[in-house]
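The values are calculated or read from the model by the stated rules, or taken from the named source; none is laboratory data. Here the structure is a predicted model, which means the values were calculated and not measured. In this analysis, Cβ positions are derived from the backbone assuming ideal geometry, glycine residues included, and neighbour counts consider all displayed protein chains.
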Amino acid sequence: MPSHPSLKDALAEPYWLTQPGAPAPAAALDGVEHADLAVVGAGYSGLWTALLAKERDPRRDVVVIEAGTAGWAASGRNGGFCAASLTHGFENGLSRFPGEIQTLERLGQANLDEIEQAVARYGIDCDFSRAGELRVATEDWQWRDLVASHGAEAARRDVRLLDREQVRAELDSPTFRGGVLDRTGCAIVDPARLAWGLRRACLELGVRLYENTPVERITATRGGLRLHSWRGRVTAARVALATGAHGRLLRRLRQFIVPVYDYALMTEPLSDAQLGAIGWRNRQGVGDAGNQFHYYRLTADNRILWGGYDAVYYNGGRITPEQDQRDATFEVLADHFAATFPQLEGVRFTHKWGGVIDCCSRFSAFFGAAYQGRLAYAAGYTGLGVGATRFGANVMLDLLAGERTERTALEMVRGKPMPFPPEPARSAVIQLYRWSVAQADSHDGRRNLLLRTLDKMGLGFDS
């Protein structure tokens, strides 16, 4: 049972997915179907793929098959940070793709603009706001790192370095030592309502949707692929695999993805006086600059979502509903919230939840094709997929069409991340990595030999 008083009445369920307005589930697949394109998964990745496929060719027959309901997994449980970055931040992209970072930044900004246009065009009510993002330093070493890295980022992005007084004028916490404000590179959304809106837009364009229909296996047929479920099957000329951390249908992906659990809390709505005590007039999304980082944002009714810090890997890569709740992490999050905003003493949390993220070693999505080009996949978004999944959807459609485009020519698209070692070495390395990251945060940011070695190898673990 939780001991922190602010958690006493928190419901063990994702806030976003329990809001009014969730669509009634579509029927499960029962019988034999055929399609030009079958999309497996109805999170952001799958829904954007289906929507863009119909926009490219309205005559294309598209079917989406979802194991649960649209948006029930990572797409409906995240913080709602819709970032322009395709590479899990500028620094990560610069370190891994220095020769094409300018192109990736341009494509990412265009992708975010196109998401905003699609939200308006389809009338998706998801509280979309180009509020920007504030990255704050809560330790002196974090501030030194922000200052050191700011120059390269500022040369290509509309970002501004803020000192202690300036950052506290944006959002007031006694823990803040400085920050970087990105004015244009991030929007804030209601993640579940974005997924529900994309679902509706797909249906209006003629996409067929089957929910509560897990795909059990894929087999090749003459001229296409067949998706098998418990009570039916779909034969399609092309397949887009958009299953994230839950994907088990393509064996080759298992070496590149580990399921990481991320956890979050949601407060009760703040009063005007409480909100005034911390400022936040510009309502940016916020993340701190630690290795174990928090992310937080305001909702439309002035609740604070407070998440992150723990990136939990359960040995063996287990994914179970029970792991969506982790009291030890919720206690830590509540303590950190109280330390960050002492002005909000007495504020209670109404919801607590977790969910699984598809993490890869380079922290940003990777892509590929299988079954002689008849299946395409995008995976490994590592917690920054709200915006990047639309770009990934376009990559999958390009690959399925056999087209060489600016997207498919990218090193980021052509290459793969470093694979994780097999179990049980995988669990041992990841747990040691988690311990080392915690040590770095408590020792002025200094990275030990393991972290420095893995950095050189391009191997990491994050959420």
Practice task
Check whether at least one residue in segment 2-9 is in contact with a helix residue (DSSP H, G or I) (Cβ under 9 Å, 6 or more places away or on another chain) and of a type in the set (Asp, Glu), and report yes or no.
Solution key: no
Problem - Among the residues listed as Leu86, Leu104, Leu94, Leu134, the single one being in a strand (DSSP E or B) and touching a helix residue (DSSP H, G or I) at 6+ places or on another chain (Cβ under 8 Å) - result: Leu134
Practice task
Please specify each residue of segment 394-423 satisfying the condition of being buried (at least 18 other Cβ atoms within 10 Å of the Cβ), of a type in the set (A, V, I, L, M, F, W, C) and within 18 Å of Ala110 (Cα to Cα).
Solution key: Val395, Met396, Leu397, Leu410, Met412, Val413
Problem - Val40 surrounded by 23 or more Cβ atoms within 10 Å (Cβ to Cβ) and under 20 Å from the mean Cα position of the chain (by Cα) - result: yes
Practice task
Check segment 270-278 and report whether any residue there is closer than 24 Å to Pro424 by Cβ and outside any strand (DSSP E or B).
Solution key: no
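Determine whether Ala401 is over 24 Å from the mean Cα position of the chain (by Cα) and closer than 30 Å to Glu55 by Cα.
Details: over 24 Å from the mean Cα position of the chain (by Cα): yes; closer than 30 Å to Glu55 by Cα: yes.
Criteria met by Ala401.
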Handout entry: Subset of segment 250-267 [under 18 Å from the mean Cα position of the chain (by Cα) and in a strand (DSSP E or B)]
Key = Val258, Pro259, Val260, Tyr261, Asp262, Tyr263, Ala264, Leu265, Met266
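Only one of these is more than 28 Å from Phe341 (Cβ to Cβ), surrounded by 15 or more Cβ atoms within 10 Å (Cβ to Cβ), at pLDDT 95 or above and small (Gly, Ala, Ser): Ala220, Ala201. Name it.
On the way: Ala220 fails: surrounded by 15 or more Cβ atoms within 10 Å (Cβ to Cβ).
Within the list Ala220, Ala201, the selection yields Ala201.
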Fill in the blank from the handout: All-but-one check, Ala152 against (1) touching a helix residue (DSSP H, G or I) at 6+ places or on another chain (Cβ under 7 Å); (2) part of a loop (DSSP other than H, G, I, E, B), failing number (2)
Exercise for the section: With respect to Glu153, determine if the residue is in contact with a Pro (Cβ under 9 Å, 6 or more places away or on another chain), among the charged types (D, E, K, R) and surrounded by fewer than 23 Cβ atoms within 10 Å (Cβ to Cβ). Expected result: no
Completion exercise
Of Thr138, Thr175, the only residue that is at pLDDT 95 or above, hydroxyl-bearing (Ser, Thr, Tyr), farther than 30 Å from Arg59 by Cβ and in contact with a Gly (Cβ under 8 Å, 6 or more places away or on another chain) is Thr138
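For Phe349, are the conditions met, namely being buried (at least 23 other Cβ atoms within 10 Å of the Cβ) and within 14 Å of Leu7 (Cα to Cα)? Don't jump to the end; show me each part of the working.
Numbers: buried (at least 23 other Cβ atoms within 10 Å of the Cβ): yes; within 14 Å of Leu7 (Cα to Cα): yes.
Yes; evaluated as a whole, the condition is true for this residue.
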Practice task
State the number of residues belonging to segment 424-440 that are over 23 Å from the mean Cα position of the chain (by Cα), surrounded by 12 or more Cβ atoms within 10 Å (Cβ to Cβ) and either in contact (Cβ under 8 Å) with a residue 24 or more places away in the chain or part of a loop (DSSP other than H, G, I, E, B) (or both).
Solution key: 1
Practice task
State whether the residues of segment 227-243 include one that is under 30 Å from Ser427 (Cα atoms), modelled with pLDDT under 95 and either buried (at least 24 other Cβ atoms within 10 Å of the Cβ) or more than 17 Å from the chain's Cα centre (by Cα) (or both).
Solution key: no
Practice task
Evaluate the following for Arg238: is it in the same structural domain as Tyr44 (by TED's automatic domain parsing) and either without any contact (Cβ under 8 Å) to a residue 12 or more places away in the chain or in contact with a helix residue (DSSP H, G or I) (Cβ under 9 Å, 6 or more places away or on another chain) (or both)?
Solution key: yes
Practice task
Check off (1) in contact with a Cys (Cβ under 8 Å, 6 or more places away or on another chain); (2) surrounded by fewer than 18 Cβ atoms within 10 Å (Cβ to Cβ) for Pro58 and give me the number that stays unchecked.
Solution key: (1)
